[in-house]
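Below is one structure, written out as C-alpha cells; the observations come after it.
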Amino acid sequence: MFLWYCIGEVIDMPSFAERLNEALKCRNMTAAELARALNVADATISNYKKGIYAPKQRRTEEISSEHGCQ
C-alpha cells in the first residue's frame, strides 16, 4: 500500500496489484484471459497480481485499455 501526502494528510493509495485484482474481479475475468488478450505469459499477470512485479507504462496502458479505462 502506498501512502501519499496531500496538504498535510496521509492518503492510502492501493497498489497496482490491488487495483488489478479488483479490476479482474469486477470484469469477471481471469488472469489467464487477460494474459491471452495481452499476448503475455500467464506467469506475468500472476506476478502483477501478487505484487512481485509492476508493469511498465506501456503494459499498464494495455491493461487499462483491455479493462475499458482510458
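The values are calculated or read from the model by the stated rules, or taken from the named source; none is laboratory data. As the structure is a prediction and not an experimental result, all values here were calculated from the model. Note that we place each Cβ from the backbone using ideal geometry, even for glycine, and neighbour counts take in every protein chain shown. Ligands, DNA and RNA are excluded from the accessible area calculation, which covers all protein heavy atoms including side chains. Shrake-Rupley method; radii C 1.70, N 1.55, O 1.52, S 1.80 Å.
Taking first residues from the range 24-49 that are in contact (Cβ under 8 Å) with a residue 40 or more places away in the chain and partners that are outside any helix (DSSP H, G or I) and surrounded by 12 or more Cβ atoms within 10 Å (Cβ to Cβ), the Cβ contacts under 7 Å between residues at least 6 apart in sequence or on separate chains come to Arg27/His67.
Listed conditions (1) free of Cβ contacts under 8 Å to residues at least 12 places away in the same chain; (2) open to solvent by less than 100 Å² (accessible area, probe 1.4 Å) are all met by Lys56, apart from (2).
Among the numbered conditions (1) within 14 Å of the chain's Cα centre (by Cα); (2) at pLDDT 90 or above, the only one that Ala37 does not meet is (1).
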